[in-house]
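Engineer: Take this structure first; my questions come after.
A short reminder: the numbers here are calculations on the coordinates, not readings from a lab. Given the structure is predicted, the values throughout are model-derived calculations rather than measurements. Every residue, glycine as well, gets a Cβ built from its backbone with ideal geometry; the counts of neighbours run over all protein chains shown.
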Amino acid sequence: MITRLDRPEAELRYRSLIKGALADQPALLKWWLQQVPTPAAFRNLSENERNALADHDLPHLAPLLSAIEAGMLIVKSPREYWGQAYSSQLVGSDLVDYFAGSEQEQVALVCTDVHNEIIQFKILFAGGTSECALYPDQILRFALQNCASGIILAHNHPSGQPKPSAADLRFCQRIEKAGQLVGIPLVDFLVIGNQDYYSWRENLGEGGRKN
């Protein structure tokens with residue numbers, strides 16, 4: 001199990017940090033927490049909405065917004081070992097960080113070359129809070145366009161639980177078979193939760209068994 005803050009702990013820590021940053025501006029602090037009460041609320045803001053926050057009181061909010069943006073960049077930036085897909089543990093751990101706080105289900109595609117070097121990463125689809133449309137042809141088209149020798153498909157569960165559904169496993173098997181037809185093997189299929197992940201490759205005997 002990967003040890004990370006759960007959502008209540010993250011929200012308490014967020015509020016504490018915001019209170020520290022705006023301690024000398026109580027009215028502004030109250031306003032901020034009304035607009036973006038949780039880290040997930042901030043993460044889901046559009047660029048225009050973030051600009052509107054800054055415009056409310058730019059002199060006092062610009063440093064706070066810059067600090068938040070810097071923190072998001074640190075989390076989003078690939079670690080050194082992201083250059084190669086050494087194992088599901090490493091990729092899965094990074095993706096837990098990547099999707100942290102997301103309230104929308106998303107599907108990510110990781111493309112690798114013949115040496116398992118990660119050559120491309122992209123969010124292909126984004127859905128609601130419980131489901132996301134998946135299209136195998138678009139997944140494989142993107143892989144072919146990037147000359148991938150293998151793919152890792154991953155999606156997050158906003159509920160926080162990484163247990164794959166029956167539909168997840170059926171789709172995994174479809175992608176595996178489709179990849180075999182075009183010569184791009186499915187390296188792994190990951191389901192990402194709040195603190196842990198499920199790896200199809202590591203659990204072939206639990207519903208992910210090849211036919």
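Engineer: In debye to the nearest 20, how big a dipole does the stretch 81-203 give about its Cα centre with +1 on each Lys and Arg Cβ and -1 on each Asp and Glu Cβ?
Structural biologist: For this selection, approximately 340 debye.
Engineer: Can you sort T38, T112 by how many other beta carbons sit within 10 Å, fewest first?
Structural biologist: So the residues, fewest neighbours to most, are T38, T112.
Engineer: Name the residue farthest towards the positive end of the dipole of the stretch 90-200 from the options L190, I175, S102, assuming +1 on Cβ of Lys and Arg, -1 on Cβ of Asp and Glu, about the Cα centre.
Structural biologist: So the residue furthest toward the plus end is I175.
Engineer: Just check the stretch 7-76 against the gyration tensor rule for me: Cα atoms, a ≥ b ≥ c as the square roots of the eigenvalues, rounded for a/c under 1.5, and otherwise prolate or oblate depending on whether a/b exceeds b/c.
Structural biologist: In terms of gyration-tensor shape, rounded.
Engineer: Could you list the square roots of 5 times each eigenvalue of the Cα gyration tensor of the stretch 92-164, that is, the equivalent ellipsoid semi-axes, sorted largest first and rounded to whole Å?
Structural biologist: For the stretch 92-164, the semi-axes come out at 23, 14, 9 Å.
Engineer: For the stretch 81-203, report the convex hull volume of the alpha-carbon atoms normalised per residue, in Å³, without decimals.
Structural biologist: 89
Engineer: State, to one decimal in nm, how far the label point of A70 lies from the label point of K30, with both points 7 Å from Cα in the Cβ direction.
Structural biologist: About 3.0 nm, to one decimal.
Engineer: Compute the length gained on full extension between E49 and L181: take 0.36 nm times their separation in residues and subtract their Cα-Cα distance, giving the result in nm to one decimal.
Structural biologist: Full extension of this stretch gives 43.1 nm more.
Engineer: Evaluate the distance, in nm, between pseudo-label points positioned 7 Å from the Cα of Q89 and of E103 along their respective Cα→Cβ axes.
Structural biologist: 3.5
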